[in-house]
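The values are calculated or read from the model by the stated rules, or taken from the named source; none is laboratory data. Quick caveat, the model's predicted, so the values are computed rather than measured. Please note: Cβ atoms are built from the backbone with ideal geometry, for glycine as well, and neighbour counts cover all protein chains shown.
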Amino acid sequence: MRTSGVTDVVVGMNPNDHLCWPFDDFAEFRARAAEFLVDGLRQGQRVCYVARGDDLATHLESEPVLGEALRDGRAEVTGLESRHHMPEEQVAAYAEATRAALRDGFTGLRVAADATALVRSSDSLDAFCRYEHLIDKYMTAEPFSAMCGYHRAELSEPAIARLNSLHPVNNAWCAPFRLHATADGIALHGEIDGVSLDLLSLALQNAAPARDPLRVDATGLRFIDHHGLLALQGYARSNAATLVLRSQRSSLPRLVSLLELRDVECVR
């Protein structure tokens, strides 16, 4: 099962977990990235560190386990520039790298990346948010895990919130909700109200086109108002899909009934 929630640790993650890790200090991020990658090595994964700059290996060689893995090929470093592709192309590249790791006898692939430089403009942010959801969807079925770092000083708070909202795991309450992929749809955690409606709309725009029916696991939602519910219905309608909401809360079916949303189904 994939991990979902807010955490301050990066070890003990599953082979297909997806973390968003906004950071203030590069040294702190490199230390956490090293922990995340070492944990992957212990699980038999091939690991990769992706970041800006030259001589990236020196960032990791101070960690003895990673230094040894770099020398024997279980770990590698890659310049961020080589990962600057269209969203679908980047997912395909990681899918091929995961298959290669499996062919070579590893249990999967784990990547820690400082992706800050790829989201500085509004256009690049839109494209990368699309990528984040696509790669998250890929992770639901394949042994690929990732820790995505973003330097707070270089990005706006709304940009950090958008990126944070598209990961099942993060290290801070940067967004009021989290939208991530499931095997048959999407899941929502947190709270959705009028204040977070614009962020929800952006998250849905970055989500893959919905299949019919659009299955939304809302068991992790603590609150959703009618604005959020209508936004989900609108997204489903724009994809010619029926909205199926899974929730344990009795209030959600009552809200659907009050709004007379005949193309929305609630299940437990």
Within segment 190-215, work out how many residues are surrounded by fewer than 16 Cβ atoms within 10 Å (Cβ to Cβ), out of contact with any strand residue (DSSP E or B) (no Cβ under 8 Å at 6 or more places or on another chain) and not β-branched (Val, Ile, Thr). 7
Any residue that is under 25 Å from Arg32 (Cβ atoms) and modelled with pLDDT of 90 or more - is there at least one of those in segment 217-232? yes
So Ser257, is it of a type in the set (Gly, Ala, Ser) and in contact (Cβ under 8 Å) with a residue 12 or more places away in the chain: no
So the check is Cβ under 7 Å with 6+ separation or different chains; which pairs have a first residue in segment 96-115 that's within 10 Å of Phe144 (Cα to Cα) and a second one that's surrounded by fewer than 22 Cβ atoms within 10 Å (Cβ to Cβ) and polar (S, T, N, Q)? Thr107/Gln43
Are any of the residues in segment 136-146 at pLDDT 95 or above, in contact with a Leu (Cβ under 8 Å, 6 or more places away or on another chain) and assigned to a helix (DSSP H, G or I)? yes
Can you name the condition, by its number, that Arg130 falls short on among (1) over 27 Å from Gly190 (Cα atoms); (2) in contact (Cβ under 8 Å) with a residue 24 or more places away in the chain? (1)
Would you check which residues across segment 19-42 are in contact (Cβ under 8 Å) with a residue 40 or more places away in the chain, over 19 Å from Val77 (Cα atoms) and not hydrophobic (A, V, I, L, M, F, W, C) and list them? Pro22, Asp24
Given the options Thr58, Thr3, Thr78, Thr107, name the one that is closer than 18 Å to Ala172 by Cβ, surrounded by fewer than 22 Cβ atoms within 10 Å (Cβ to Cβ) and either at pLDDT 95 or above or hydroxyl-bearing (Ser, Thr, Tyr) (or both). Thr3
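Looking at Ala187, Ala175, can you tell me which residue is buried (at least 19 other Cβ atoms within 10 Å of the Cβ), part of a strand (DSSP E or B) and among the small types (Gly, Ala, Ser)?
Just one listed residue meets the conditions, Ala187.
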Looking at segment 1-109, what helices (runs of 4 or more DSSP H) fall wholly within it and have at least 3 residues that are within 22 Å of the chain's Cα centre (by Cα)? 26-42, 87-103
